[in-house]
Amino acid sequence: MKKLVFLFVGFAFSTALMAQVAPSPLAEGVKLLNYEKNKTALNFFKEAFDKNPGDGETTFWYGQAMLAQNYNGISTTESIQNAKDLFQKSLQAKGNDPWLLIGMSHIQSLEGADVNAVKQNLEVAITSTLNTKGKYKGKPNQDIINAIGYVFAELPISIGDHKYAIDKLKETISAYDVVNSSLYINLGINYLKLGGGENGGDAVTAFQNAINADAKNAYAYYRIGKVYQTQNNKESLDEYFNKAIAADPAIAPVYFSLYTYYAEVSTNIAKTNLDLFLQYADKDPIFEYFSADYLFRSGQFDQSLEKAKAMEAAGSLSIFPGLAVLLAKNYDKKGDTVLAKSYIEPYITNTTPDKLINTDYEIAVKILSKFSGSQATLMLILEKAIAADSSKENKLKYYKLGYEMLEKNNMYTDELKWYANYSALRGVKDEVYYYKTTSIAINAKEGAMASATAKKYIETFPDKPNGYSMNVRAARLLDTANNLGILYEAVTLQNQFLLKDLTKNKQALINNYYTLIGYYNETKSYENAVLMCDKVLEIVPEDPTTLQAKGMFIKNIDIIKKMQNSKGGVPAPPLEKPAADTTQIKKG
């Protein structure tokens, strides 16, 4: 008898656990939202709402489907108003239903309400739905927390307290033995919403936990693939996107992600995935954009522009701002930079960073940099991109776009700052780093920095010629009158390197010796000037210019000696030879 009771209790306990994670009859509609089949999702939830208009959960998801009627991931004013009307009307009928409070919190966040006020409403929703009995008494309701996590996951990076959502999701996950996999999904998305590359690992862990809870969760595989796509990790993005397709071939966003990735790599693979996306996605005239985009990428510019202009004429630009990028690229290809600028500048300026991709910034820099005076605007645009992107590779690309643009416009002081940031993020001090840093510093007339970096270049790469020549150029900035000894030291150091191959460096040595001759002439060290003339004559014997200069210095020495003797009758002490100038020309 005891055994039978034990089995019954065990069965009852298992049933209770299953009830915590049993799929809701609305789960299919949520899946449609995840798969970005937003029109189908709207019809699904409208039908569910019409059958049960008093159910708060159904109303919440119906409102979410309304908000999802957007383009480029941005809720339109109309969609926000529709959802707001729905929630307000339902709240009037039902009072403070927790589902409706969460839905209104979403609207309030989008309308710019105080974050703490929004969280107070959410706390009411959480408190009113705490479990009242059983093992999980006093614990949050998984579905309610999941809805809160979903709302914050749908908000832009710049809106809402995503850390609050993360804390609530983690608290609920830790409270249960069996967890709805959607909690892990929304946890991962909210980690990504925090911004910064350091949160990518936590996001992937959360998505992997969703897979552990549901091995057939195609959406979780897709979300991991998206993380690796932002890192441009081809091997990993392919792996997880293919796992998502294996779990559910109808997951349209995977094909679109593969299309956008391979559009820059292989137009054939891109076209295959575009066709699959159009097969599984909701039917929408706006998808004509992707056909026009493919035509551009495959080099069919006239056909692409024709299709894009037809979409613009039909009003698509107002509901799908990304069309502006394609129009800009096509006009740039046709050489009409003025028209190209008229499309890309307002788009890149007015679109929130989380809705822009790295190629948007690239085309903006390419087009706008052709116009004088646009550099300050472009720097602001790229700084926005750097702050918003979690990918180190993309950040490096933006910094590179910036410093190359500044170099083309001879803005070397600004370029020096951008290259310093690029190098700090890159984290490698190779020869390219020393060469580029020193070169920019010289162009920026930053003599002290150029000198310090050139000396470090020589120390790190003593067998490379550029460090020595740049050290001389930096010294010229610091010793403009050639009388401080700075240029003398740099030239003497370079001579030691040049003498390793006299045949190759013959002219460079002659030039340097003349620089030293000029230094000794300025400092009236004529005996040392004669020595330098002798070094030139060892390379080019009987050179008339050098012989003439040497003769002049000898006369000056004689004049000085005679003047000193006439004053005191005491011969002048011999002038000291330059201590640092120990270079010797190898004979033969």
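The values are calculated or read from the model by the stated rules, or taken from the named source; none is laboratory data. Just so it is clear, the structure is predicted and the values come from calculations on it, not from any experiment. For neighbour counting, all protein chains shown are included, and Cβ atoms are generated from backbone atoms with ideal geometry for every residue, glycine included.
Data for the structure
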{"quantity": "Candidates Ala328, Ala387, filtered to the one that is part of a helix (DSSP H, G or I) and modelled with pLDDT under 90", "calculated": "Ala387"}
{"quantity": "Verdict on Ala475 being out of contact with any His (no Cβ under 7 Å at 6 or more places or on another chain), within 24 Å of Phe461 (Cα to Cα), surrounded by 21 or more Cβ atoms within 10 Å (Cβ to Cβ) and touching a residue at least 12 places away in the same chain (Cβ under 8 Å)", "calculated": "yes"}
{"quantity": "Filter result for Glu415 (buried (at least 19 other Cβ atoms within 10 Å of the Cβ), more than 30 Å from Asp501 (Cβ to Cβ), of a type in the set (D, E, K, R) and within 21 Å of the chain's Cα centre (by Cα))", "calculated": "yes"}
{"quantity": "Some residue of the range 442-465 being surrounded by fewer than 15 Cβ atoms within 10 Å (Cβ to Cβ) and hydroxyl-bearing (Ser, Thr, Tyr)", "calculated": "yes"}
{"quantity": "Pair list, Cβ < 8 Å and 6+ apart or interchain, from the range 176-187 residues that are within 13 Å of Ile211 (Cβ to Cβ) and in contact (Cβ under 8 Å) with a residue 24 or more places away in the chain to residues that are among the acidic types (Asp, Glu) and in a loop (DSSP other than H, G, I, E, B)", "calculated": "Ser181/Asp214"}
{"quantity": "Options Lys309, Lys329, Lys341, Lys271: the member that is closer than 24 Å to Leu380 by Cβ and surrounded by fewer than 20 Cβ atoms within 10 Å (Cβ to Cβ)", "calculated": "Lys341"}
{"quantity": "Among (1) part of a helix (DSSP H, G or I); (2) free of Cβ contacts under 8 Å to residues at least 24 places away in the same chain - the single one Glu393 does not satisfy", "calculated": "(2)"}
{"quantity": "Residues within the range 541-574 that are part of a loop (DSSP other than H, G, I, E, B) and at pLDDT 85 or above, tallied", "calculated": "3"}
{"quantity": "Candidates Ile286, Ile357, Ile319 - the one that is touching a residue at least 24 places away in the same chain (Cβ under 8 Å), surrounded by fewer than 19 Cβ atoms within 10 Å (Cβ to Cβ) and in contact with a strand residue (DSSP E or B) (Cβ under 6 Å, 6 or more places away or on another chain)", "calculated": "Ile319"}
{"quantity": "Qualifying positions in the range 121-158 - in contact with a helix residue (DSSP H, G or I) (Cβ under 6 Å, 6 or more places away or on another chain) and aromatic (Phe, Trp, Tyr)", "calculated": "Tyr150, Phe152"}
{"quantity": "Any hit, the range 361-383, residues being free of Cβ contacts under 8 Å to residues at least 12 places away in the same chain, among the charged types (D, E, K, R) and either closer than 20 Å to Thr260 by Cβ or not in a helix (DSSP H, G or I) (or both)", "calculated": "no"}
{"quantity": "Selected residue [free of Cβ contacts under 8 Å to residues at least 40 places away in the same chain and closer than 26 Å to Thr413 by Cβ] from Tyr435, Tyr513, Tyr519", "calculated": "Tyr435"}
{"quantity": "Residue in the range 164-178 that is within 25 Å of Lys39 (Cβ to Cβ) and surrounded by fewer than 21 Cβ atoms within 10 Å (Cβ to Cβ) present", "calculated": "no"}
